[in-house]
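What follows is a single structure, written as structure tokens, with notes after it.
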Amino acid sequence: QTVSFATACSGAVCTVQDTGLSSGTEFQFRIVAVNLGGDSLESNVASNWTIPSPPSGLTVTTAPNTSTTATLNWSAPSGTTTGYQIERESPIGGGWSVLVVDTGSTDMTYDDASLALTTEYNYRVSAINLGGMSWPSAEADITTLSPPTEPLDIEFDLQKVSDNLRVQVSWTAPSNLF
């Protein structure tokens, strides 16, 4: 991009804003001063990264029944990512805690182990690169389950109807089935 001296400078300080940059991308800038006498040598290179976009498609799953491990999966944003920050809140609305500051990996899965049973957890993930950290992803939540208590008051009733025998079994269902 070429910017005229009069537009870029106010006194001895020159500034330019470059808009429409892609997220997760490194940009390098060099400056050449121009006047009627010609062009200067190129300046040193100034470079920086734009922050990545947030990860997308975050899902959280557990194994069936009484799993105490939640598996997180997500899709990487476009551009360069060097790692991810993973956050969890429990109870939902109780405030976020950082589980992993920086995974240091581009893997898009994480297992959160040692969860309490019958507890709701909420997760979000942010992408990291040399430019900084993205906004968090959309949130995803899961509730770990515990086994139900045993059924109570089991009754067995054997009945004869005509020439057939019939059995009727009844019980009180546990209160924590779901």
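The values are calculated or read from the model by the stated rules, or taken from the named source; none is laboratory data. Owing to the predicted nature of the structure, the values given are computational and were not obtained by experimental measurement. Methodologically, a virtual Cβ is constructed for each residue, glycine included, from the backbone with ideal geometry; neighbour enumeration extends over all protein chains shown. SASA here: full protein model, heavy atoms, side chains in, ligands and nucleic acids out. Shrake-Rupley method; radii C 1.70, N 1.55, O 1.52, S 1.80 Å.
Here are some notes:
- Qualifying residue in the stretch 150-163 (condition: modelled with pLDDT of 85 or more, assigned to a loop (DSSP other than H, G, I, E, B) and aliphatic (A, V, I, L, M)): no
- Scanning the stretch 28-70 for residues that are modelled with pLDDT under 95, within 30 Å of Thr118 (Cβ to Cβ) and among the polar types (S, T, N, Q) yields Thr61, Thr62, Asn65, Thr66, Ser67, Thr68, Thr69.
For (1) at pLDDT 95 or above; (2) over 15 Å from Ala138 (Cα atoms); (3) of a type in the set (S, T, N, Q); (4) open to solvent by 50 Å² or more (accessible area, probe 1.4 Å), each residue gets a yes or a no:
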position	(1), (2), (3), (4)
Gly83	yes, yes, no, no
Glu89	yes, no, no, no
Val98	yes, yes, no, yes
Gly104	yes, yes, no, yes
Ser114	no, yes, yes, yes
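- Check on Glu139, of a type in the set (Asp, Glu) and either within 30 Å of Asn73 (Cα to Cα) or surrounded by 10 or more Cβ atoms within 10 Å (Cβ to Cβ) (or both): yes
- Qualifying residue in the stretch 9-27 (condition: modelled with pLDDT of 85 or more, among the polar types (S, T, N, Q) and surrounded by 10 or more Cβ atoms within 10 Å (Cβ to Cβ)): no
- All positions within the stretch 90-123 that are of a type in the set (D, E, K, R) and in contact with a Leu (Cβ under 7 Å, 6 or more places away or on another chain): Asp112
- Single residue of the stretch 129-178 satisfying the filter (among the β-branched types (Val, Ile, Thr) and in contact (Cβ under 8 Å) with a residue 60 or more places away in the chain) that is farthest from Gly83 (Cα to Cα): Thr144
- Counted residues, the stretch 35-67 - those being exposed (fewer than 12 other Cβ atoms within 10 Å of the Cβ) and either β-branched (Val, Ile, Thr) or touching a Lys or Arg at 6+ places or on another chain (Cβ under 9 Å) (or both): 5
- Restricting the stretch 68-80 to residues that are outside any strand (DSSP E or B) and open to solvent by 20 Å² or more (accessible area, probe 1.4 Å), the residue that is farthest from Leu21 (Cα to Cα): Thr68
- Ile31 being within 26 Å of Thr19 (Cβ to Cβ), outside any strand (DSSP E or B) and in contact with an Asp or Glu (Cβ under 9 Å, 6 or more places away or on another chain): yes
- Among the conditions (1) modelled with pLDDT under 95; (2) under 23 Å from Leu145 (Cβ atoms); (3) out of contact with any Lys or Arg (no Cβ under 9 Å at 6 or more places or on another chain), Thr109 misses just one, which is (1).
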